[in-house]
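These notes are about the structure you will find just below.
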Amino acid sequence: MINSLQDTIKLNNGIEMPGFGLGVFQVENDATAEIVKNSIEVGYRSIDTAAIYGNEAGVGEGIKQALVSTGLKREDLFITSKVWNADLSYDETVAAYEESLQKMELDYLDLYLIHWPGINKYAESWRALEDLYTAGKIKAIGVCNFNVSHLQDLLKTARVIPVINQVEFHPHLQQEVLLAFCKEHNMQLEAWAPLMQGGLLEDPTIAKIAEKYGKSNAQVILRWDIQNGVVTIPKSVRKERMVQNADIFDFILTDEELQVINEMNLEKRVGPDPAEFDFVM
């Protein structure tokens, strides 16, 4: 379990990844540079974006500014992006990766993911990711929003086991079967929408636990993620909220409190169901 904002977990290929980071989903490109710069200045080292977010250029500019203001080096950061559904052929995936690098003005990515499995679309894309990885152009490769059936299918032919499966994960969607499968196959689960896109920030069950520790609902939920061994990347656009979200390492939820939150599972999504999601934008 990580014990600070910059603590890392070891992925199945030996690469170290921060266990807590910043997501920039639905952040406008023009605002992204300042947000990323601020996050790095307050101690974040992991930034998660995607081609479809339309803000990779802003992420790259924020990184550039933060390296100047903090004196950090590129290798001190862990940068993730994702290939979109429209680019899942072999050649399209390679081109999409190069375009992401160009937009961010980076020489490499630490982690590159297939954003959605689509309907039987990921095999060629994964082969491209494997080749980019074995050529040393990416530090690690993984997937997003893959159900157990998708992972089982992928593992039949994969030469490289995904290091990460990034999925919707929060107290109302705990994905117990998927989490167990990923642990069994040494794939790290990573949570997007860990706060259910704000849907749990006033939940009374969590609020009762939060009151005991003098914390917010968000902090309790993010702590629950950490104690479950799940990497998490909450979105924050304000510097003070970034600091608050990361202020979760000075308390520990008891087994009883963890169980109370575990019992909140409703298998309720705020995002699309990966078994059905196949649109191209």
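May I ask you to list the GluC sites (Glu not before Pro) in segment 22-109 that are in a DSSP loop and have at most 16 other Cβ atoms within 10 Å of their Cβ?
Details: sites: 28, 34, 41, 56, 61, 75, 92, 98, 99, 105; in loops: 28, 105.
Taking segment 22-109 and a limit of 16 other Cβ atoms within 10 Å, the loop GluC sites (Glu not before Pro) found are 28, 105.
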Note to self: In the chain, once you exclude exposed trypsin sites (Lys or Arg not before Pro) (DSSP loop, at most 11 other Cβ within 10 angstrom), what's the longest stretch remaining?
What the structure shows: 74-155
Margin query: Over the chain, with a Gaussian network built from C-alpha contacts below 10 Å, which listed residue (195, 154, 222) shows the highest mean-square fluctuation?
Written below: 154
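Taking 0.36 nm per residue of separation and subtracting the Cα-Cα distance, what length does fully extending residue 249 through residue 69 add? Please report the intermediate quantities before stating the final value.
Details: separation 180, 0.36 × 180 = 64.80 nm, distance 2.57 nm.
Stretched out fully, the residue 249 to residue 69 stretch lengthens by 62.2 nm.
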Note to self: Quick one: 3J(HN,Hα) in Hz for segment 48-61, Karplus 6.51/-1.76/1.60 with θ = phi - 60°, rounded, Gly and Pro as x.
What the structure shows: 10, 10, 6, 4, 5, 5, x, 10, 4, 4, x, 4, x, 5
Notebook entry, point to check: Once you put a point 7 Å from the Cα of residue 134 and another 7 Å from the Cα of residue 184, both along the Cβ direction, what distance in nm separates them?
Noted result: 2.7 nm
Notebook entry, point to check: Per residue of the chain, what 222 nm ellipticity follows from adding -39500 (n - 2.57) for every DSSP H run with n ≥ 4, rounded to the nearest 500?
Noted result: -12000 deg cm²/dmol
Notebook entry, point to check: Using a ≥ b ≥ c from the Cα gyration tensor of segment 98-176 (square roots of the eigenvalues), is it rounded, prolate or oblate, where a/c under 1.5 gives rounded and otherwise the larger of a/b and b/c decides, a/b for prolate?
Noted result: oblate
Check: Among rounded, prolate and oblate, which fits segment 199-238 when a ≥ b ≥ c are the square roots of the eigenvalues of its C-alpha gyration tensor, a/c under 1.5 means rounded, and a/b larger than b/c means prolate?
Finding: oblate
Check: Of 143, 83, 68, which has the largest mean-square fluctuation in a 10 Å C-alpha GNM of the chain?
Finding: 68
Next item on the list: Sort largest first and round to whole Å: the equivalent ellipsoid semi-axes of segment 185-260, each the square root of five times a Cα gyration tensor eigenvalue.
Entry: 18, 17, 12
Margin query: I need the shape label for segment 1-144. Rule: rounded when a/c is under 1.5, else prolate if a/b > b/c, else oblate, with a, b, c from the alpha carbon gyration tensor.
Written below: prolate
Note to self: Distance cut-off 28 Å, Cα to Cα: go down the list 183/268; 64/215; 183/235; 73/139; 73/239 and report the pairs above it.
What the structure shows: 64/215
Checklist line | Of 70, 140, 231, farthest towards positive along the dipole that unit charges on Lys, Arg, Asp, Glu beta carbons give the chain | finding: 70
Item checked: Within the chain: Cβ-based charge dipole about Cα centre, in debye rounded to nearest 20 (Lys, Arg +1; Asp, Glu -1) -> 360 debye
Note to self: Could you derive backbone 3J(HN,Hα) for segment 25-38 from the dihedral phi with the Karplus parameters 6.51, -1.76 and 1.60 (θ = phi - 60°), listing whole Hz in sequence and x where the residue is Gly or Pro?
What the structure shows: 4, 6, 9, 4, 4, 5, 8, 5, 4, 5, 5, 5, 4, 4
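Read-outs: derived from the displayed coordinates by stated rules, not from any lab. Fair warning: this is a prediction, and the values are worked out from it, not measured in the lab. So basically every Cβ, Gly included, is an ideal-geometry build from the backbone, and we count neighbours across all protein chains shown.
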